[in-house]
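Take a look at the structure set out below.
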Amino acid sequence: MKLTTKIFIGLILGAVVGLGLHLAAPDLFTTLDAYIFSPLGTVFLNLIKMLVVPIVFFSITLGTASLGDPKKLGRIGGKTIGFFLATTTIAISIAIGLAYLFQPGNIDISTTGAEYEAQEAPGVVETFTNIIPTNPIQSMTDGNMLQIIAFAIFIGFALAMLGKKTEGIYKLVEQGNEIMMFLVNLIMRFAPYGAFGLLASAIGTMGIDGMRAMGMYMFVVLLGLFIHAIVTYGSAVSFLGKMNPITFFKGFFPAMTVGFSTSSSSSTLPISMKTAQENLNVPKSVSSFVQPLGATINMDGTAIMQGVATIFIAQVYGSDLSFASLIMVVLTAVLASIGTAGVPGVGLIMLAMVLNQVSLPVEGIALIIGIDRLLDMTRTALNITGDAACAVVVAESEKKHGLEEETQRMQA
């Protein structure tokens with residue numbers, strides 16, 4: 001049985017058991033929650049939090065190092081990074097706007113059973129001045145993610161510039177990242193049981209209100225993904241890529257279905273590149289650079305989930321995020337999406353980072369994890385579509401510069 005099927009079974013059973021016990025036997029639920037449901041969820045959350053610091057460091061170091069020598073990469077590298085950063089910023093902005101518009105977490109806090117006293121997040125100026133760590137090791141110990149990201153970017157840039165001189169270190173970081181990916185896949189095997197425990201505990205505690213809130217959360221995330229795909233990518237392909245959006249989506253649809261089924265940008269990469277080259281007429285030289293890079297650093301779907309989830313959890317816990325905190329959500333989610341590896345489930349690890357950065361409880365992930373697998377599949381389809389849209393735009397923009405000659409020179 002596939003992992004996706006197991007997770008669906010786990011979350012359905014969790015919802016049914018939790019709601020049934022909430023309505024029929026609340027006392028029995030309290031006992032089972034204390035000894036079965038909550039421990040299962042806590043173990044799964046701890047496994048996720050265990051990987052946060054190392055996976056952020058390794059992923060972002062590799063993502064930065066993969067850019068290579070900036071002088072050698074030239075215009076295509078700059079256009080690609082610029083496109084990814086711009087669309088990710090738009091994605092997180094759409095997510096926050098929709099979350100405030102629909103307010104999916106606007107439920108009675110007394111029904112959640114969650115106790116948490118919000119702390120004031122640091123201001124924008126203080127945050128920016130503290131991005132550069134004075135002690136990177138201390139930053140890792142404290143879990144200060146922005147400082148870890150900044151340090152990882154510096155290390156990745158140095159590896160890219162030094163090239164062959166630091167091949168050994170690059171391979172070490174690469175192997176460290178492989179270890180993290182292996183552990184992510186290993187932990188995801190426990191996901192069906194964690195999803196069961198977390199959903200049973202959450203639904204059993206909140207009852208119908210909890211189910212309504214999570215359903216509304218799911219609706220807002222899916223709406224954000226749809227708007228971003230049609231408006232942002234459709235406009236970019238039409239105005240910058242000079243391609244009919246219908247032609248684009250129709251041509252790339254086979255890859256989108258594979259991405260949906262695998263929930264992995266990395267696993268779908270061969271199909272994505274083949275589809276873009278054959279159906280969208282993207283030159284192989286552009287496709288082979290833009291799409292693998294996108295699978296590493298372009299995660300608009302994940303950014304949308306993080307934006308909606310952060311506002312949702314803040315609303316559930318009755319925490320009013322300041323404007324400075326919202327700016328932090330945008331900044332952190334953009335940087336986190338760059339470091340989000342293209343494997344199933346890793347978006348939740350990055351969400352923990354975003355929540356920490358704006359002083360919200362990581363335990364709030366329990367409210368959404370039960371339905372995250374389905375959303376993860378949809379996010380992946382959006383992520384690889386963004387990579388293809390970027391490839392189309394870059395290919396069109398390079399025509400006036402003699403695309404084939406330029407890209408052949410870059411590959412030489």
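How many residues are of a type in the set (A, V, I, L, M) and at pLDDT below 85 when one looks only at the range 167-182? Residues that pass the stated criteria total 2.
Residue count for the range 230-248 under the criterion of being hydrophobic (A, V, I, L, M, F, W, C) and either within 21 Å of the chain's Cα centre (by Cα) or closer than 17 Å to D300 by Cα (or both): the result is 4. Can you find, within the range 272-300, the residue that is surrounded by the fewest Cβ atoms within 10 Å (Cβ to Cβ) among those that are touching a helix residue (DSSP H, G or I) at 6+ places or on another chain (Cβ under 7 Å) and part of a loop (DSSP other than H, G, I, E, B)? Taking the candidates together, the pick is P283.
Every condition in (1) under 11 Å from S265 (Cα atoms); (2) without any contact (Cβ under 8 Å) to a residue 60 or more places away in the chain; (3) of a type outside the set (D, E, K, R) holds for L355 except the one numbered (1).
The set of residues from the range 213-271 being touching a residue at least 12 places away in the same chain (Cβ under 8 Å), among the small types (G, A, S), farther than 19 Å from I90 by Cα and assigned to a helix (DSSP H, G or I) comprises A213, G251, A255, G259, S261, S265, S266, S267.
Taking first residues from the range 44-69 that are among the basic types (K, R) and partners that are modelled with pLDDT of 75 or more, the Cβ contacts under 6 Å between residues at least 6 apart in sequence or on separate chains come to K49/A352. Of all residues in the range 1-59, those that are at pLDDT below 85, exposed (fewer than 14 other Cβ atoms within 10 Å of the Cβ) and part of a helix (DSSP H, G or I) total 3.
Among the residues making up the range 167-198, those that are of a type in the set (S, T, N, Q) and surrounded by 12 or more Cβ atoms within 10 Å (Cβ to Cβ) are N177, N185. Suppose we filter G163, G215 for residues that are surrounded by fewer than 19 Cβ atoms within 10 Å (Cβ to Cβ) and in contact with a Pro (Cβ under 9 Å, 6 or more places away or on another chain); which single one remains? From the options G163, G215, the qualifying one is G215.
Note on the range 361-387: among residues that are at pLDDT 85 or above and not small (G, A, S), the one that is nearest to A314 (Cα to Cα) is R379. Of all residues in the range 95-143, those satisfying the criterion of being among the polar types (S, T, N, Q), over 14 Å from Q315 (Cβ atoms) and modelled with pLDDT of 85 or more are T134, N135, Q138, S139, T141.
The values are calculated or read from the model by the stated rules, or taken from the named source; none is laboratory data. Model, not experiment: these values are computed from the prediction. Note that each Cβ is placed from the backbone with ideal geometry, even for glycine, and that neighbours are counted across all protein chains shown.
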